[in-house]
Amino acid sequence: YSFSYWMLDSSSAGSANPLSILMEGNHTLTPIFSSTSYAYVYIRADGSIDPAGVPLSTSDNVTYMLVGDLNSMITVQRSNVIIDGGGHTLQGSGTAEGFRLIGVDNVSITNANIRGFDGGIDLSTSSQDVIAENNITANNGLGISLYNSCNNTICRNNIAANKLEGIHLDYSSNFNNINENNIEDNSYSGIYIDSSSNNLMYHNNIINNTIQVYVTPHG
């Protein structure tokens, strides 16, 4: 739960925190909290947010912003959108992915803290997406995974302390650009490449992973 607003004598007194009250008599002051934990959150193909009331907002169905921390995964079903984490945290419970993009293109995810999931961000059959300036840490499996996803950009992220790979490329994930990331302390490998080619990687800090970069014999 997160703080939403104050109730002062049965009326909303806004969300200032702290709140100043003139004590000219007896008052009843109650803080109102709203849930930040939902089983699933979706950005639907029509641009709507499902369910309503989560701390995710948009005014134009193009740019979406987290306006508070959220204990849920977000599935993106709409192409051509920008998702700004606003420095807030997407917190998992050890399963699923923080962000799941399946068959969507030209999606940007920036400025989010993503932790505690089975995987931080999952791209499947998606292209022209940008994953930039996020903290993707302490997930139970992968930091960022790409499956049959091409021509994406992964840059300036902190990808650290995940229990498997920092970045995983598989199933013909080709022509991706991976640059200026900090890839550190991941328990299996920093970057894992399987059945993928023509990926451009440069200016990454790849340190203290059990294996820095692993390429399977066939790919």
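The values are calculated or read from the model by the stated rules, or taken from the named source; none is laboratory data. Note that this is a predicted model, so its numbers are computed, not measured. Ideal geometry is used to build each Cβ from the backbone, glycine not excepted, and the neighbour counts take in all protein chains shown. Surface accessibility is based on the protein's heavy atoms, side chains included, excluding ligands, DNA and RNA. Shrake-Rupley method; radii C 1.70, N 1.55, O 1.52, S 1.80 Å.
Using heavy atoms of the protein chains and a probe of 1.4 Å, the accessible area assigned to residue 62 is about 60 Å². Charged side chains reduced to their Cβ positions (Lys and Arg at +1, Asp and Glu at -1) give the range 1-106 a dipole of some 180 debye around its Cα centre. In the set (i) 13.4; (ii) 11.3; (iii) 17.0, which value of mean projected area of the Cα convex hull in nm² was calculated from the structure you see? Structure-derived value, by its label: (i). For the range 106-219, the solvent-accessible area with a 1.4 angstrom probe is 40 square angstrom per residue. A dipole drawn for the range 62-185 from +1 and -1 charges on Cβ atoms has a positive end, and of 144, 174, 106 the residue lying farthest that way is 106. With the simple model of a label 7 Å out from the Cα in the direction of the Cβ, residue 82 to residue 132 spans 0.9 nm. To put it simply, the accessible area of the chain at a 1.4 Å probe is 49 percent carbon and sulfur. Note on the chain: with charges restricted to the Cβ of Lys and Arg (+1) and Asp and Glu (-1), its dipole about the Cα centre is near 120 debye. Beta-bridge orientation, the range 1-75: approximately 75 percent antiparallel, per DSSP, counting only bridges with both partners inside.
Extension gain for residue 28 to residue 175 (0.36 nm times residue separation, less C-alpha to C-alpha distance): 46.8 nm.
Extents of the range 86-208, taken as max minus min of Cα coordinates on every principal axis and listed largest first, are 32, 30, 23 Å. Summary of the geometry: the range 35-107 and the range 131-191, compared by the centres of their Cα atoms, lie 19 Å apart. With the crude spin-label approximation of a point 7 Å out along Cα→Cβ, what separation in nm comes out for residue 12 versus residue 59? With each label placed 7 Å out from Cα toward Cβ, I get 1.8 nm.
Across every pair of non-identical alpha carbons in the range 1-57, the mean reciprocal distance, once inverted, gives a Kirkwood radius of 13.7 Å. Label separation (residue 48 vs residue 140): 3.1 nm, computed from points 7 Å beyond Cα along the C-beta direction.
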